1. How large is log10 I(q)/I(0) at q = 0.16, 0.25, 0.26, 0.27 Å⁻¹ when the Debye formula is applied to the Cα atoms of the range 181-240, each weighted equally and without solvent?
2. Give me the distance in nm between label points sitting 7 Å out from Cα along the Cα-to-Cβ direction at S21 and D88, one decimal.
3. Please give the net charge around L61, taking every other residue with its beta carbon less than 15 angstrom from that of L61, where Lys and Arg add +1 and Asp and Glu add -1.
4. For L64 and E149, compute 0.36 nm times the residue count separating them, minus their Cα-Cα distance, and round to one decimal in nm.
5. Mind ordering 92-101, 22-31 by average Cβ neighbours within 10 Å, highest first?
6. Excluding F248 itself, calculate the net charge of residues whose Cβ lies under 12 Å from the Cβ of F248, where each Lys or Arg counts +1 and each Asp or Glu counts -1.
7. Counting other Cβ atoms within 10 Å of each Cβ, which GluC sites (Glu not before Pro) in the range 15-96 have at most 16 and sit in a DSSP loop?
8. Quick check: net charge around S209, other residues with Cβ under 13 Å of its Cβ, Lys/Arg +1 and Asp/Glu -1?
Amino acid sequence: MTLTLDLKSTRLSALMLPLRSRDLAAVAAAARHQWGVDAGFEGEPLVLDLRELPATGAPVLDWLPLLQTLRELGLQAVAMIGADALQDDERQAALAAGLHASSDTPARALAAPAPPAPAAQAQAVPAKAAEPAEPAPVPTSAARCLVVERSLRSGQQVYARDADLVVLGLVSHGAEVIADGSVHVYGALRGRAIAGAKGDANARIYAQSLEAELLAVAGTFRTSEKPLPADVAGRPAQVRLDGERLVFEPLSY
């Protein structure tokens, strides 16, 4: 069976990929065949549309190979629409893989993600399997703060469960930092940063140089499709939530 895939634009300033087959390995193969590694995607945010996906049947959805293939093609899957049609275990697996549950008409798009699976928790994930694994960062406190004493490369992800996250280096394009509390980046923040992942509206994002591809606080997000305000772009800044909108403020020393 030959699969034909099509990408659609959405109001999220992101691409959308409708899934119509439960064989995600076949979808991954079709994506690699249709677009290839030179398709020109450069960390584009991607929403998976599950509304046409058969709700039950075989095979059981295996998200990780598809998401890995999409990353290799330059597409960063950040959310899914139509997740209510999934089986409970499949929905939880999607959330654990880093897909945020989004409403069909999202004015406030990214819902709080479920914590990653225990094996991936508080651990930098290499972009390619061939790269050597790096040691997991060690929290400085049992529950409040996770410190990463290095920069994060494209494809790596760090999650701070029930804690703030501090990165002493830069967060590269295609890397992702997630915290249930606030996110502090003492270098350039060029990738994706998600604070208040469990819905803490008081969480904030701090960066020495704000250049992010995606910023989210307690479910409200903004991508690089909409330029940052001139007074914070590439400068020390904080991002906080005011009602249902993100506020960007320069940091003065």
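1. Normalising to I(0) and taking log10 leaves -0.41, -0.99, -1.06, -1.13.
2. 3.0
3. Around L61, the surrounding residues sum to -4.
4. Roughly 27.9 nm would be gained on extension.
5. Ranking, from highest mean packing down: 92-101, 22-31.
6. Around F248, the charge tally is +3.
7. Taking the range 15-96 and a limit of 16 other Cβ atoms within 10 Å, the loop GluC sites (Glu not before Pro) found are E42, E52.
8. Every neighbour counted, the sum reads +1.
No lab work stands behind these numbers, since they all come straight from the coordinates. Values in this document were obtained by computation on a predicted structure and should not be read as measured data. As a convention, Cβ positions derive from the backbone with ideal geometry for all residues, glycine included, and neighbour counts pool all protein chains shown.
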